[in-house]
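Chemist: Sharing a structure with you now.
The values are calculated or read from the model by the stated rules, or taken from the named source; none is laboratory data. Since this is a predicted model, take the numbers as computed values, not measurements. Methodologically, a virtual Cβ is constructed for each residue, glycine included, from the backbone with ideal geometry; neighbour enumeration extends over all protein chains shown. Heads up: the accessible areas ignore ligands, DNA and RNA and are worked out on the full protein's heavy atoms, side chains in. Shrake-Rupley method; radii C 1.70, N 1.55, O 1.52, S 1.80 Å.
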Amino acid sequence: MRRPFAAAAALRLRLLSSSSSSSSSSSSLPRLPSSPYPLHHLLLLSRRSGDHHDHDHPSPPPPFSPRPLLASGVLGLSRWRARARALPPAPSPPRGPVADAPPVRLTLSRSYSLRVAKAKKKAHFDDEHSHVMLAELVHSVADFANQALLAYGLSSSRRAPDALHPYGYSKERFVWSLISAVGIFCLGSGATIVHGVQNLWNSQPPENIHYAALVIGGSFLIEGASLLVAIKAVRKGAAAEGMSIRDYIWRGHDPTSVAVMTEDGAAVTGLAIAGASLVAVQTTGNAMYDPIGSIIVGNLLGMVAIFLIQRNRHALIGRAIDDHDMQRVLEFLKADPVVDALYDCKSEVIGPGFFRFKAEIDFNGVVLVQNYLERTGRGEWAKQFREASLSEDDTELIRVMSNYGEDVVEALGYEVDRLESEIQKIVPGIKHVDIEAHNPEGLSV
């Protein structure tokens, strides 16, 4: 391994001595072969080329004498370097072992670094879009998905009751409304706020701001028309339940129409925020107003989503009917002569305009029998009891009393049906009334 390297060094020194000895005449200076590599690269190539020699029969190095080099000194070395610089451009490096040389690796790594830098610069240039418009795009997608979920929930809630769901499927619309509200919170609010915060300090002025203004204006008209229709539906629902619009929004029994109205209102407000952000960017030249608008729109969607989640959560858990309606029902029952006392009165909203009422009543037996005798006639029962009392056998008396007891039970059922009918007239939304007879003395052992 050392002999080829020593041979190359000897060859280099011999060339230097020859150049120094012929320095008196520039025309007689031998022309060196052109090489694109400096001294240490030539030595490296010579060393690598020596690896291909037969190691079993190495060739002896040529004789070497250092006297010409000592005579010429530094002057010969300087002249040789000057001649080397004047040589024509070096050809492309040969293939083979040279391809793995360090200079080639350095060139490839530098070329890769330049390509990466250009790609980063191009990606940074392509990121110059409007963040607040992106927020409105996400809002529109979430709004579309929300309307689709609400439509599916309304269709599913109209299914007829069955053995598995005896009170129907009215609450299913609350399930899909809740899923929709969670989607608005995660996709609409969360993604918009995160995107705005990430681009708060490195945002660029959006391009084609005039086209963005046209899109905002057209969307504002469409969303505004949808908002007017939703407001009309909310007013109709509030009038049907005898509430003001404000009370209906917070305590109404149908959160679906309220959800549509709040989402359309948020859409119109978000478009106004987007327009104001773009105007601020165009006026001041500060691109930070663009992601700030995106963050504001995200917070607006978050508040709407939290409101809808709360409304649907109460509807799914089961909330009571309006206090005003409940009070009207209780006042009617307390004023009825057949009712002595009320116990355990409850109500529940099953669906929009679909309620359930339950109460335990201590009935007044005297009034109940009087009402029954007034409907059927007192004379017939009085005649039957007198005849049964004159009989020598108690069988006839027991038979008459059994018939009378059965009629009294039917009279109790009649009173229950009468009370249920009056309750449904007072509050038409009460579709199921559960009235139980209460024994104030309890069960005796």
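This table checks each residue for (1) part of a loop (DSSP other than H, G, I, E, B); (2) among the aliphatic types (A, V, I, L, M); (3) in contact (Cβ under 8 Å) with a residue 40 or more places away in the chain; (4) open to solvent by 40 Å² or more (accessible area, probe 1.4 Å).
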| residue | (1), (2), (3), (4) |
| --- | --- |
| V329 | no, yes, yes, no |
| V349 | no, yes, yes, no |
| F355 | no, no, yes, no |
| N371 | no, no, yes, yes |
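Chemist: Anything in the stretch 242-264 that is in contact with an Asp or Glu (Cβ under 7 Å, 6 or more places away or on another chain) and under 15 Å from A305 (Cβ atoms)? List them, or say none.
Modeler: E263, D264
Chemist: Before we move on, is S170 part of a loop (DSSP other than H, G, I, E, B) and touching a strand residue (DSSP E or B) at 6+ places or on another chain (Cβ under 6 Å)?
Modeler: yes
Chemist: So in the stretch 407-441, with the set limited to residues that are in a helix (DSSP H, G or I) and of a type in the set (G, A, S), which one is surrounded by the most Cβ atoms within 10 Å (Cβ to Cβ)?
Modeler: Of everything passing the filter in the stretch 407-441, A411 is surrounded by the most Cβ atoms within 10 Å (Cβ to Cβ).
Chemist: Can you name every residue in the stretch 329-343 that is within 13 Å of I435 (Cβ to Cβ) and out of contact with any strand residue (DSSP E or B) (no Cβ under 7 Å at 6 or more places or on another chain)?
Modeler: F332, D336
Chemist: Next question, about the same structure. With the checklist (1) surrounded by fewer than 15 Cβ atoms within 10 Å (Cβ to Cβ); (2) closer than 27 Å to A305 by Cα; (3) in contact (Cβ under 8 Å) with a residue 12 or more places away in the chain; (4) not acidic (D, E) in hand, flag the one item Y169 doesn't pass.
Modeler: (1)
Chemist: Looking at (1) open to solvent by 60 Å² or more (accessible area, probe 1.4 Å); (2) within 25 Å of E136 (Cα to Cα), find the lone condition where S257 falls short.
Modeler: Result: S257 fails condition (1) only.
Chemist: Given the conditions (1) touching a helix residue (DSSP H, G or I) at 6+ places or on another chain (Cβ under 7 Å); (2) modelled with pLDDT of 85 or more; (3) part of a helix (DSSP H, G or I); (4) not aromatic (F, W, Y), and given that A315 satisfies all but one, which numbered condition is not satisfied?
Modeler: Every condition holds for A315 apart from (2).
Chemist: Considering only the stretch 183-195, I want to know if a residue exists there that is of a type in the set (V, I, T), within 20 Å of I273 (Cβ to Cβ) and touching a Ser or Thr at 6+ places or on another chain (Cβ under 6 Å).
Modeler: yes
Chemist: Still on this structure, please answer the following. Of (1) in contact with a Pro (Cβ under 8 Å, 6 or more places away or on another chain); (2) under 30 Å from D143 (Cα atoms); (3) assigned by the TED database to the domain that holds K425, A341 satisfies all except one. Which?
Modeler: Failed condition: (2).
Chemist: So, one more: Tally time: how many residues in the stretch 279-324 are touching a residue at least 12 places away in the same chain (Cβ under 8 Å), open to solvent by 80 Å² or more (accessible area, probe 1.4 Å) and under 30 Å from R356 (Cβ atoms)?
Modeler: Final tally of qualifying residues: 3.
Chemist: Same structure, new question: Which number in (1) open to solvent by less than 20 Å² (accessible area, probe 1.4 Å); (2) at pLDDT 85 or above; (3) within 14 Å of V304 (Cα to Cα) marks the one condition that L178 misses?
Modeler: (1)
Chemist: Follow-up. Which residue out of G265, G224 is open to solvent by less than 60 Å² (accessible area, probe 1.4 Å), within 22 Å of the chain's Cα centre (by Cα), closer than 22 Å to V138 by Cβ and not charged (D, E, K, R)?
Modeler: Of the residues listed, the single one that is open to solvent by less than 60 Å² (accessible area, probe 1.4 Å), within 22 Å of the chain's Cα centre (by Cα), closer than 22 Å to V138 by Cβ and not charged (D, E, K, R) is G265.
Chemist: Looking only at the stretch 208-258, count how many residues are assigned to a loop (DSSP other than H, G, I, E, B) and under 24 Å from F174 (Cα atoms).
Modeler: Filtering the stretch 208-258 down to residues assigned to a loop (DSSP other than H, G, I, E, B) leaves 208, 241-244, 252-254.
Filter once more, so that each one left must be under 24 Å from F174 (Cα atoms): 241-244, 252-254.
Of the residues in the stretch 208-258, 7 are assigned to a loop (DSSP other than H, G, I, E, B) and under 24 Å from F174 (Cα atoms).
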